Amino acid sequence: MDQKPQAVAEDPAKLAEFQARIDRGESIEPKDWMPERYRRQLTRMMSQHAHSEVVGMLPEGNWITRAPSLRRKMSLIAKVQDEAGHGLYIYCGAETLGVDRADLIDQLLDGRAKYSSIFNYPTLSWADMGVIGWLVDGAAIVNQTVLAKASYGPYARAMIRICKEENFHKRQGYEIVATLANGTPAQKAMVQDAVNRWWWPSLMMFGPSDTDSPNSAELLRWKVKHKTNDELRQRFVNLTVPQAAAVDLTLPDPDLRYDEATKNWEFGAIDWAEFHEVIRGNGPCNRERLEARRAAHENGRWVRDAAAAYAAKHGAASATNAA
Amino acid sequence: MTNDRPPSTDTQGPLWEVFTQEEQGAPHRHAGSVHAADAEQALQNARDVYARRGEAISLWVVPADAIVASTPGDAGPFFDPGNDKAYRHPQFYKVPRGVRGL
């Protein structure tokens, strides 16, 4: 997305002092000195995260008009609205690093910025709404609970707010899953099919394996991250396996087995080729998602223009009155 | 971020900082920020973003560029006048043993 950044020569004394602050567990605030690379990494992470929240509205928005009851429809609208809010919390945090939200949105719309690859998969049935809440939001919570301790204050604060709200997302999803799993054979088959399709992409949400994660060491040293991708992925699997068993659903992994020694649920190999293909823009819905975002942005332009024109007129009028 | 393109021409409106009061008697605390064309829209956006679950009974929005803040680099000397005056704290004063209610 960006051009290769020129290496910035940082003052070694300032760098050491910065690392010492991190090691003491201090929180870095917007006006504090920070290495250019820290600023850049956080801008990248936070803008990708914000974009993911915003694009994440699309697969679910797809089902609002077809929700099976008013109760389900209200919940889904509230959840999708939350995702918009979460995007705004994180854009707001990213702007404290000195970037402009309009530029970040431009980067998303013209395809330079990345967002979570999970949202490039299609939502084929109503059961997907349940499984997304359960698995996708569940995975996001595991990730975000740790990010709530990130060293950058505005990011951590946004995550705390988000984690509180995501619990509703996960529970409403699991309720849908449990209801379908206890329903007719057709309903049960539908939810099992959704689990089969979403399980592996959910595991990929934690990012590349530690052996193949170029940014991890630096982000851990700066305490932006506190756990590695693989540690978080394992935590998610351990949490989820019993939840699947509780509603009598299976996870599509023949290698899944409990290891008494490590107390972990060992899982099979992830198809990283698929992961990289989706990131490169070749997932089932990449093009559709970006087109929907662009259309939404263009269709909203007249509202922004009208609000700006109103504010300008109003501002001019009050300036005249004051004179 | 390094970027070979001109800044966006799209208007998101100016930035407003948002403060929320969570309950009666509590102070207003900084919650985040919103973009809005004017104060009225800023208040509505702040409500939709920061008070979806009854988290606030009162909201302030302030143009972000109207906020004047101390700078972290000068924090030492700037706050120094308050840091070396132990006599401003009750623990500085000796009280005869056995005297209560002080």
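The values are calculated or read from the model by the stated rules, or taken from the named source; none is laboratory data. All of these numbers come straight from a predicted model, not from anything done at the bench. Neighbour counts are summed over all protein chains in view; Cβ atoms, including those assigned to glycine, are modelled from backbone coordinates with ideal geometry. All accessible areas refer to the heavy atoms of the entire protein, side chains included, with ligands and DNA or RNA removed. Shrake-Rupley method; radii C 1.70, N 1.55, O 1.52, S 1.80 Å.
Each row is one residue, and each column tells you yes or no for (1) within 14 Å of another protein chain (Cβ to nearest Cβ); (2) over 25 Å from A:Gly111 (Cβ atoms); (3) of a type outside the set (Val, Ile, Thr).
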residue: A:Leu256; (1), (2), (3): no, yes, yes
residue: A:Lys263; (1), (2), (3): no, yes, yes
residue: A:Cys285; (1), (2), (3): no, no, yes
residue: A:Gly300; (1), (2), (3): yes, no, yes
_Checking the structure you have, find out if any residue of segment A:12-22 is buried (at least 20 other Cβ atoms within 10 Å of the Cβ) and in contact (Cβ under 8 Å) with a residue 12 or more places away in the chain._
yes
*Kindly indicate whether any position in segment A:67-86 is open to solvent by 40 Å² or more (accessible area, probe 1.4 Å), within 14 Å of the chain's Cα centre (by Cα) and within 18 Å of A:Tyr152 (Cα to Cα).*
no
_Failed item, numbered, when A:Ala150 is tested on (1) out of contact with any Gly (no Cβ under 6 Å at 6 or more places or on another chain); (2) within 14 Å of chain B (Cβ to nearest Cβ)_ = (2)
_When you check A:Gly300 against the structure, is it on the phi > 0 side of the Ramachandran plot and without any contact (Cβ under 8 Å) to a residue 60 or more places away in the chain, yes or no?_
no
